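Reading through the structure tokens given below for one structure.
Nothing in this text is a laboratory measurement; each read-out follows from the coordinates by a stated rule. What you see is a predicted model, and the numbers here were worked out from it, not measured in a lab. Neighbour counts run over all protein chains shown; Cβ positions are idealised from the backbone, glycine included.
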Amino acid sequence: MPKPATATATARAAALHGPVPPRRARRAVSYVDSMTPHLFVPTPQRPVRAKARQLCADTQVMPHSHPWAQVAISTTGVIQLTVDRGTYIVPPSRALWIPPGMVHAVTMVEDAEMRTLYFHQPRGRCGPAALGSRGTTAEQSAWRQCRVLEASDLLRAVVREMPTTPDDDTAPDAATLLRERHLSALLCDELARAAPVRLGVDLPRDKRLRQLCEAVLADPTRHTTLQAWAQDTGASLRTVARLFRTELGSTFTQWRQQVILAKAVSLAAGRMPMGQIATELGYSPSAFSAMVRKSVGQPPGQFLGQR
């Protein structure tokens, strides 16, 4: 992995690309309920249900689960979804599939218009209904995990057109229900075709390592070495390195790189120039480009949705 830029290189990059914007001060998180899922229950007759909600930055939807599958997508703004063993940054260019029964919490990284889609799952199946069959064992296994997916222009347009009227409101007429079924079929087809993105950060169960990982997620550039992070938690370097191997199956450097990629996605969603993103994350532009290409096999502009 290319090494992060030194302080001198960072200063040089800042001079070239302009000053790095000051970090937004962390505000207290406001908690809201799970947005009345009982009023949008998907059924065989209405297999996909949609709802919309405008939420402010630093708002968290309380941890919850439901017996149907879900797709979280933001039409504006960045959201972060956390499950027991991982966290995901979701900009408007991506969608996140959440399988049935998985406890999850959603945090608004910035002001966001969040669209939530609920999917009826026939017994024994998991995935978009448009798959139309049980699929292979590998396909079923993939959809039983959280998946970050590319959100095509068509997918985002269909999501915006889906009816969002709850069940306690006026019942939709026959024409509205027919249109919803057509949109649902197209939506499921787009999801089934969507390319998965290797973008997620695994989280450990061990409380000591979890504390360290959450600190890195909050400010990944505060330290660059595991020894410095370990000192913050009071654990020894050897203990923390061992926990990374046993709990997360990776080294600290590999894990932190995923955090850096997720942070880069969040910054890019705010239209920050590529050079400033690299500087903000402690890299020179060339080192950042090389790291992204090596990690995800794509140039930074393509991976971050900047053409």
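Descriptive notes on the structure:
- A straight Cα-to-Cα reach below 17 Å connects residue 207 with the aspartates and glutamates 84, 232, 247, residues fewer than 8 places away in its own chain not being considered.
- Extension reserve of the residue 173-residue 60 stretch, reckoned as 0.36 nm per residue once the Cα distance is removed: 37.3 nm
- Point-charge dipole on Cβ atoms (K/R +1, D/E -1) for segment 127-262, about Cα centre, debye to 20: 960
- Value at 222 nm in deg cm²/dmol, rounded to 500, when DSSP H runs of n ≥ 4 in the chain each add -39,500 (n - 2.57): -11000 deg cm²/dmol
- Taking label positions 7 Å along the Cα-Cβ direction at both residue 85 and residue 32, the computed distance is 3.1 nm, reported to one decimal.
- Segment residue 140-residue 52, length gained on full extension (0.36 nm per residue, minus Cα span): 28.9 nm
- Between the helical axis of 7-17 and the longest alpha-carbon principal axis of the chain there is an angle of about 50 degrees.
- To the nearest ten degrees, helix 252-269 and the longest principal axis of the Cα atoms of the chain are 60 degrees apart.
- For the chain, modelled as a GNM whose springs connect Cα atoms under 10 angstrom apart, the maximal fluctuation among 239, 279, 253 occurs at 239.
- Considering only the chain, percent of DSSP beta bridges that pair antiparallel, nearest 5: 95
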